[in-house]
1. Taking the conditions exactly as written (more than 21 Å from T117 (Cβ to Cβ) and either touching a residue at least 24 places away in the same chain (Cβ under 8 Å) or among the basic types (K, R) (or both)), does F77 satisfy them or not?
2. Any idea which of (1) surrounded by fewer than 18 Cβ atoms within 10 Å (Cβ to Cβ); (2) at pLDDT 85 or above is the one N114 doesn't satisfy?
3. Report yes if L15 is over 29 Å from R153 (Cα atoms) and either at pLDDT 85 or above or of a type in the set (S, T, N, Q) (or both), otherwise no.
4. Considering only region 133-169, how many residues are over 12 Å from the mean Cα position of the chain (by Cα) and either at pLDDT 65 or above or more than 21 Å from L67 (Cα to Cα) (or both)?
5. Output the residue which, of all residues in region 32-65 that are of a type outside the set (G, A, S) and buried (at least 19 other Cβ atoms within 10 Å of the Cβ), is farthest from the chain's Cα centre (by Cα).
6. Which members of region 43-75 meet the condition of being touching a Lys or Arg at 6+ places or on another chain (Cβ under 9 Å), of a type in the set (A, V, I, L, M) and closer than 24 Å to R125 by Cα?
7. Residues of region 41-67 being over 18 Å from Y107 (Cα atoms) and either β-branched (V, I, T) or outside any helix (DSSP H, G or I) (or both), which ones?
8. Give the residues of region 97-117 that are more than 21 Å from L151 (Cα to Cα) and outside any loop (DSSP other than H, G, I, E, B), sorted by residue number.
Amino acid sequence: MKYQYKTAFQTGAVLFVGLIMLLIMSVIAITGMQSATLEERMAGNTRDNIVAFQAAEAALKAGEVLLDSGTLTLNLFDNDGSDGLYDNTFDMIWSAINWINTDSRTYTGFNPTNVSTPPRFVIQRIAETQVAPKVILENYGEGEVSKTVQLFRLTSRGTGGSNNTAVVLQSVYGSDW
């Protein structure tokens, strides 16, 4: 009579170990896919933010060009909000306006296909001032002591691929009028 010895392999342990290994590999694969998806969304959000920043910068530059163009007069800067030009009645006018209305001006020169709405800007007249002598000492504006300069606060808003990604930039700009 022959004796048969049953080893661990014959009792199904190999199947159990194989299933456990398959389960572990599946969990690793699913975790890797979730991580890749998260990284892709983060990259998309970063790209949206960069596009919104570029749009806001372009609108800010458009406001500076408009101030330098000589087409505006000081009496246009009022508080009615009909043209995106404001006086200094309310310091934080940019927080109170509707950026998709006539409260602000549209900059149409920036028109990539990945921007949800065109960038917009407002110009607020702050004050009139004189060129400071210290500026002259630093070889900037030489020969312009006591020249009258109008100061303006430019605020621009740009969006990315959706209106949820918005960047607001501000600068103070001096122009001799």
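The values are calculated or read from the model by the stated rules, or taken from the named source; none is laboratory data. Note that the structure is predicted; figures quoted are calculated from it, not measured. Cβ sites come from the backbone with ideal geometry, for glycine too, and all protein chains shown count toward neighbours.
1. yes
2. Here N114 clears every test but (2).
3. no
4. The number of residues fulfilling the criteria is 20.
5. Step by step, filter region 32-65, then rank; the result is L60.
6. A55, A56, A59, A62, L66, L74
7. T46
8. T106
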